[in-house]
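Encoded as structure tokens, the structure appears first; notes follow it.
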């Protein structure tokens, strides 16, 4: 996806005063930024504003980008830090729910869904999105970078400033948590039928 | 079949390595081939992996790029706006001061004032106070008007800068 020479020329044009060319950067990396920001910023109304703030920062800091890392890693780092600042302002914890206080089955029972309501969850992707949103924000972000952006543990470690090993263990724990919750939800559906 | 099942971590590592046989030990491979429970767990994870890789949802609005570009373009404008307003203020200040000076004092008085503040006089320490007094008396007490005009200009300048900054901030925080 990232052609170094092409990117260098593009950035040189932007630095040279061709601001409109920055639109190419936005088009190319908006999905990456959204994957980071949407996982961390839970308030829907604020998500797009934070994404805009990220690109404004990218534009303002473009002079300091020296191609020491991939542009995607650099942009994702800015997105991550901007989202972190947002979370700090809103006092949202990063890892608040690592060990669930109740088992998935208990939680589902507590939700007291009717069979009709539960039937809505049959679509795996919708169910998955809902469960990802329930994960601690940092787990969701790391999973998105790994599975949606195909980033390595090392790249994720650079972005989040978390050691490689911790990134790996976060990914394993997040996936196990998701698998257990999804299975529990499917079992609940079977019970409701 | 050995009793020890593969842990979730080992199954995930196997899937992360694209099911490469070398990522499992021979014993683990043998176990996986014959254990339905581990195969089931692996199938669950396999489904989860494909779900995670395809997780698509409504992300950004279709006009996101255009709106962000509008903000970025607006960010560049304040510098021009401030310099233009500064030029305008400087021009108005010069014209007003010239007008006030022209109205209240003649050119001889200005030269007199320059002489009063000249380095030579200041260094010699002679006649500075008396020259100032003479100059002030010639103005007939109108020095206060000059001070008032100067302060008024500074105030106008500050208000103008404040307004320009507010406009710039609005352009930054609001999507156009």
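Applying 1/(1 + (r/R0)^6) with R0 = 41 Å to the Cβ-Cβ distance of residue B:86 and residue A:64 gives a FRET efficiency near 0.90. What the Cβ-Cβ distance of residue B:75 and residue B:160 gives, at R0 = 25 Å and to the nearest 0.05, is a FRET efficiency of 0.80.
By the count of neighbouring beta-carbon atoms within 10 Å, fewest first, A:58, A:24 end up ordered A:24, A:58. Taking a ≥ b ≥ c as the square roots of the Cα gyration tensor eigenvalues, region A:4-90 comes out prolate, since a/c reaches at least 1.5 and a/b is larger than b/c. Legend: mean number of C-beta atoms from other chains within 10 angstrom of residue C-beta atoms, peptide B:41-52, equals 4. Residue exposure proxy: A:151, B:69, ordered by other Cβ atoms within 10 angstrom of their Cβ from fewest to most, comes out as B:69, A:151.
Please arrange B:44, B:27 by how many other C-beta atoms lie within 10 Å of their C-beta, fewest to most.
B:27, B:44
Please state the shape class of region B:8-53: rounded when a/c is under 1.5, otherwise prolate if a/b exceeds b/c and oblate if not, all from the C-alpha gyration tensor. The shape class here is oblate.
Take each residue in A:51-59, count the other chain C-beta atoms within 10 Å of its C-beta, and the mean is 4.
Under 8 Å for C-alpha pairs, at least 6 residues apart: give me the relative contact order for region A:128-193, rounded to a whole percent.
Values: 34 pairs, mean separation 22.9, N = 66.
Dividing the mean separation by the residue count of region A:128-193 yields 35 percent.
An ellipsoid equivalent to region A:134-193, defined through the eigenvalues of its Cα gyration tensor, has semi-axes of 29, 10, 8 Å when rounded to whole angstrom and sorted largest first. Once the Cβ-Cβ distance of residue B:55 and residue B:152 is raised to the sixth power relative to R0 = 51 Å, the FRET efficiency obtained is 0.20. Averaging the sequence gap over all C-alpha pairs within less than 8 Å and six or more residues apart, then dividing by the number of residues, gives region A:4-90 a relative contact order of 35 percent.
Bear in mind these aren't lab numbers, they're just calculated from the coordinates by the rules spelled out. None of these values were measured; they are calculated from a predicted model. Cβ atoms come from the backbone with ideal geometry, glycine included; neighbour counts cover every protein chain shown.
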